[in-house]
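Undergrad: I am attaching a structure below and will ask some questions about it afterwards.
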Amino acid sequence: MNELPLIDIVALAWFVVLWVGYSLFAKKRARHIHCLSSILRSLRVDWMYAVTHKDNHIADASLIGNVERNVTFFASSTVLVLAGVFTVLASSDAFVRVINQLPFTAEQTANLVILKLAGLAAILVFAFFKFTWSIRQFGFVSVLLGMAPNMSRSTVSEEARDRYARNTAKVLDQAGHEYNYGLRAYYFALAYLCWFTNPLFFIVASAVVVGVLYRREYRSRVLRALLATKGFEPGPMPEDERKAQLKATSTRLEEFENELKDSKQGD
């Protein structure tokens, strides 16, 4: 850290604060404000509930498989990009000479560039873990879809269907979140690349990425279209909708507690 100039320390701290802060902000805000995360959660519940009333689930399995292939593509691409980063690390001296010849580039040493490359590698490793965990969770959804024909029988109660739909949608929702976290890491990795030229560019690029993410998740046209399918408007959630979500959460907790009690009694 002795070779890291103050402006670079400030830029890196700004980057970390924006990334972590926006992730926490988006997670908390999704509980009260309509956004892509909240509307997709609602649509996934509707989708899984519709699955319980269908006899043929080939189309649903194909849709899950298509998304899983997209995530797999990003996971594979991340490994290739990581290999490229390690290749550059092996020839860091030549890389430093090229960077220092670029216009508007701050003078930097080989050790500083190696440190920056290590940080970029860490971001890519984080993205890889998110993508692979998302792939596994989409696999769990495939297993749950495999039991969907049982839920389609006329003997199954609406309560059982609702429980299946909500919990399957929850697993699907978590897989989508992990995929989103991996994509978000890519966005911030693009901002991180600006650090190789100038820390001021790095600061500006990090703020721009947050602005782009915020607009797409809370102000985009596709969000308005998705909300319109449920008759919602952009902005704060109505009180009755928030209460319904809280009720669904408390119901799942009660079911979990009952299952725990039953398992203890069985032991």
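Undergrad: If you average the alpha carbon positions of region 1-42 and of region 124-190, how far apart do those two centres end up, in angstrom?
TA: 24 Å
Undergrad: Report the normalised scattering of region 110-219 as log10 I(q)/I(0) at q = 0.19, 0.20 Å⁻¹, calculated by the Debye formula with identical scatterers on the alpha carbons.
TA: Once normalised to I(0) and log-transformed, intensities are -0.97, -1.02.
Undergrad: Let me ask another. Please list the radius of gyration and Dmax for region 151-202, considering alpha-carbon atoms only, with Å as the unit.
TA: According to the Cα coordinates of region 151-202, Rg and Dmax are 21.1, 66 Å.
Undergrad: I would also like to ask the following. Using a Gaussian network model of the chain with C-alpha springs under 10 Å, which one of 162, 46, 55 is most mobile by mean-square fluctuation?
TA: Highest fluctuation among the options: 55.
Undergrad: Here's something else I'd like to know. Give the angle, between 0 and 90 degrees and rounded to the nearest 10, that separates the Cα long axis of helix 239-266 from the longest principal axis of the Cα atoms of the chain.
TA: For 239-266 against the chain, the angle is about 80 degrees.
Undergrad: Another question, then. If you fit an axis through the alpha-carbon atoms of helix 110-146 and take the longest principal axis of the Cα set of the chain, what angle between them do you get, 0 to 90°, nearest 10?
TA: Once rounded, one gets 10 degrees.
Undergrad: Next up: Compare 183, 63, 117 in a GNM of the chain, Cα atoms joined below 10 Å, and give the one with the largest fluctuation.
TA: Looking only at 183, 63, 117, the largest GNM fluctuation is found for 63.
Undergrad: Next question. Ratio of alpha-carbon Rg to the 2.2 N^0.38 Å globular estimate for the chain, to two decimals, please. Mind showing how you got there, number by number?
TA: Numbers: Rg = 22.9 Å, N = 267, 2.2 N^0.38 = 18.4 Å.
That ratio works out to 1.25.
Undergrad: With a cut-off of 8 Å between alpha carbons and a minimum separation of six or more residues, what is the relative contact order of the chain in percent? It would help to have the intermediate numbers written out before the result.
TA: On the way: 230 pairs, mean separation 84.1, N = 267.
RCO, the chain: 32 percent.
Undergrad: Provide the per-residue ³J(HN,Hα) series for region 198-214, in order, calculated from phi with Karplus coefficients 6.51, -1.76, 1.60 and θ = phi - 60°, each as a whole number of Hz, with x at glycine and proline positions.
TA: 7, x, 5, 4, 4, 4, 5, 4, 4, 5, 5, 4, 4, x, 5, 4, 4
Undergrad: Moving to a separate point now. When the Kirkwood radius is taken over all Cα pairs of region 86-129, what Stokes-Einstein diffusion coefficient follows at 10 °C and 1.306 mPa s, in µm²/s? Walk me through the intermediate numbers first.
TA: On the way: Rh = 11.2 Å.
This corresponds to a translational diffusion coefficient of 142 µm²/s.
Undergrad: Between residue 7 and residue 83, what's the calculated FRET efficiency when r is the beta-carbon distance and R0 is 22 Å? Round to 0.05. Mind dumping the intermediate values first?
TA: Working: r = 31 Å, r/R0 = 1.40.
E between residue 7 and residue 83, to the nearest 0.05, is 0.10.
Undergrad: Next question, about the same structure. Rounded to the nearest 500, what is the 222 nm mean residue ellipticity of the chain from helices alone, with -39500 (n - 2.57) per DSSP H run of 4+ residues and division by all residues? Could you put the intermediate results ahead of the total?
TA: Values: 10 runs with 215 residues, N = 267.
The per-residue figure over the chain is -28000 deg cm²/dmol.
Undergrad: Before I look further, what does the chain give for accessible area per residue, probe 1.4 Å, in whole square angstrom? Display every interim value, and only then the final one.
TA: Numbers: 15460 Å² over 267 residues.
Accessible area per residue, the chain: 58 Å².
Undergrad: Sticking with this structure for a sec: How much of the accessible area of the chain, probe 1.4 Å, is carbon plus sulfur, in whole percent? Mind showing how you got there, number by number?
TA: Values: 9910 of 15460 Å².
That fraction is 64 percent.
Undergrad: If you don't mind, there's one more thing I want to ask. Could you compute Rg(Cα) / (2.2 N^0.38 Å) for region 1-86, with N its residue count? The partial results should precede the final answer.
TA: Working: Rg = 20.5 Å, N = 86, 2.2 N^0.38 = 12.0 Å.
That ratio works out to 1.71.
Undergrad: What residues have an amide H closer than 5 Å to that of residue 33, excluding those fewer than 5 places away on the same chain, when H is modeled at 1.01 Å from N in the peptide plane?
TA: 237
Undergrad: Exposed loop trypsin sites (Lys or Arg not before Pro) only (DSSP loop, at most 16 other Cβ atoms within 10 Å): please give the longest stretch of the chain free of them, not including the sites. Mind dumping the intermediate values first?
TA: Numbers: sites that count: 31, 54, 153, 219, 230.
The reported range is 55-152.
Undergrad: Between the helical axis of 6-29 and the dominant principal axis of the chain, each derived from Cα atoms, what acute angle in degrees is found, rounded to the nearest 10?
TA: 10 degrees
Undergrad: Right, another one. About the Cα centre, and with charges only on the beta carbon of Lys, Arg (+1) and Asp, Glu (-1), how big is the dipole of the chain? Nearest 20 debye, please.
TA: Value, rounded to 20: 500 debye.
The values are calculated or read from the model by the stated rules, or taken from the named source; none is laboratory data. Keep in mind the model is a prediction, meaning the values are calculated, not measured. Cβ sites come from the backbone with ideal geometry, for glycine too, and all protein chains shown count toward neighbours. Only protein heavy atoms, including side chains, enter the accessible area calculation; ligands, DNA and RNA are left aside. Shrake-Rupley method; radii C 1.70, N 1.55, O 1.52, S 1.80 Å.
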